[in-house]
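Notes to accompany the following structure.
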Amino acid sequence: MKNVLLPRSLCELWRYWEDEPAATVYAGGTDLLVKMRRGTINASSLICLERIEELQGVEEEGDFIRIGACATHAHLLESSLVQKHLPSLARALEVLGSPPIRNMGTIGGNICTASPAGDTLPPLYALDAEVELCQRDGVRRLTVKDFLVGPGQTRLDQGEVLTAIWVPKADEYNLQHYEKVGQRNALAISIVSLASLVCLSSAGLVEKVRLAWGGVGPTIVTCPEAEKALVGKRLTLKTLQQAAVLVRQTVSPISDLRADAAYRRALAGNLLLRLLELSR
Amino acid sequence: MVSFVLNGKEVEVDTPPDRRVVDLLREDLGLTGTKEGCGAGECGACTILVDGVSRLSCLMLAAQLEGRQVTTIEGLRGGREAGLHPVQEAMVDCGAVQCGFCSPGMALSAVHLLKRNPDPSRTEIREGMSGNLCRCTGYVKIVDAVEAAARKMRSKPAGTAAGDTAP
């Protein structure tokens, strides 16, 4: 039998952790409990973060939206701040898992699970989001990009917990999209996904663009060359196809049970072409 | 000891804190209406309502129920004596059941969906029910049933489903 502790505040968390330093921490449980059942993770005791007050909620903090790490995906979808300022993240949350998974899973959990196919990660990458990491005696902030090291690997230290995600408001981007390709519409792990943020001038020229792919590398992949190729241009089929070539050169997908590498490489470029119809 | 409200009644259960909720309900409390399909959050057969929100009992541990309101299929509309919930009635009327294994989870997901959106389009129903797999019906009659239940629940004044333990 494993002990399961449910701290209600960070203060309580630190206390519990002192008593059970080897405890495994979880939030929604949609990933950890599957792995425990499969036997790939062996936890001696568990600390569930879902009741910690400080880890809830969405707030506006100047130019940032601060998201509590234990906010569920469903909660974020209902947030007018997320819908208004972070539409690419909202599009990703809409296609993450299924309704009950979105009612349980949290954004902090999605980040700490660090799957290359995690649905919130490409938008958070493209948005230059930062994670707030808390230890008993201090807080630090890292970009999501620096935080994610590889599949299932992050820079979270022992005794440290992800408390919030700081996302700069993305109001300057008038075209925001997230698209994933999976084997079915719901409950699908992304084969390839793309978050796109484009700032188009009134004349229809790309002023700024941020692109981030999931499922085509050990972590989220960006392609500054493709972004550079699009700046100053109109989003025509030709420009997008040229950028797609650069994308296919950049990504380093693997073959697995969902798709093979060649398909993923082709798809990573093709997803960019969606911007054509979206910009019309 | 874990204390929570189960289908409208306060219960105190002596259980290991790491017992999966689906096992607690089925094996220890005899509520076998909750089904286990995949055990990994993919099929929705084990859906229950926790504080009125659909959650998967295969991915929750008993300790997490402390202080919560839990509704299983047995508790919809106050249980068998009080008659069926409109969603259950509509599932019967529309023939939205074949083998029945997914039905409890489907019904509870529909209850949660209709609470949030009393007048969903067919697309919204498909999205709202997308966490529940059915291997028999092809889903058309399930969508029909949720649509019919929505109509019925809208046309009846609030409180008709009194005894419904779903908050």
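Note: relative contact order over chain B, using C-alpha pairs below 8 Å and six or more positions apart, is 26 percent. Within 10 Å of the Cβ of each residue in B:54-66, the mean number of Cβ atoms contributed by other protein chains is 6.
Model label points for residue B:152 and residue A:8, set 7 angstrom from Cα along the Cα-to-Cβ axis, are 4.1 nm apart.
Projected label points at residue A:174 and residue B:123, each 7 Å from Cα along the beta carbon direction, are separated by 2.5 nanometres. Measuring nothing but alpha carbons in the stretch A:175-278 and taking Rh as the Kirkwood radius, the Rg to Rh ratio lands at 0.98. Taking other Cβ atoms within 10 Å as a rough exposure proxy, A:238, A:233 sort from fewest to most as A:238, A:233. For the stretch A:37-74, the residues whose amide N sits under 13 Å from a probe point set 7 Å from the Cα of residue B:66 along the beta carbon direction are A:46-52. Within the listed set A:103, A:42, A:270, the residue fluctuating most in the Gaussian network model of chain A (springs between alpha-carbon atoms under 10 angstrom) is A:42. Can you compute the label reach from residue B:9? Point 7 Å from Cα along the Cβ direction, backbone N cut-off under 20 Å, restricted to the stretch B:20-58. Residues passing the 20 Å test: B:21-35, B:48-52. Compared with the rule-of-thumb size 2.2 N^0.38 Å for a compact globular protein, chain A has a Cα radius of gyration ratio of 1.02. Mean separation of Cα pairs under 8 Å and 6 or more residues apart, divided by the residue count, gives the stretch A:4-168 a relative contact order of 22 percent. Among the listed pairs B:115/B:141; A:84/A:180; B:9/B:141, those with a Cα-Cα distance over 30 Å are B:9/B:141.
Stretched out straight at 0.36 nm per residue, the stretch from residue A:94 to residue A:266 would grow longer than its current Cα-Cα span by 59.5 nm.
Temperature 20 °C, viscosity 1.002 mPa s: under these conditions the Stokes-Einstein estimate for the stretch A:1-96, based on its Kirkwood radius over C-alpha pairs, is 143 µm² per second.
Net length available on complete extension from residue B:116 to residue B:99 is 3.3 nm, with 0.36 nm assigned per residue and the Cα-Cα distance removed.
The spacing between the stretch A:1-65 and the stretch B:104-133, judged by their C-alpha centroids, is 29 Å. Taking amide hydrogens as placed 1.01 Å from N in the peptide plane, the amide H of residue A:24 sits under 5 Å from those of A:44, A:45, A:46, A:47, each at least 5 positions away in sequence or on another chain.
All distinct Cα pairs of the stretch B:80-155 go into the 1/r average, and the inverse of that average, the Kirkwood radius, is 12.1 Å.
Take chain A and mark each of the GluC sites (Glu not before Pro) that is in a DSSP loop with at most 15 other Cβ atoms within 10 Å; the longest unmarked stretch, sites excluded, is A:173-280.
All of the numbers you see were taken from the coordinates with simple rules; none came from a lab. It should be emphasised that the depicted structure is a prediction, and the values quoted were computed from it without experimental measurement. FYI the Cβ positions are ideal-geometry reconstructions off the backbone, even for glycines, and counts take in every protein chain you see.
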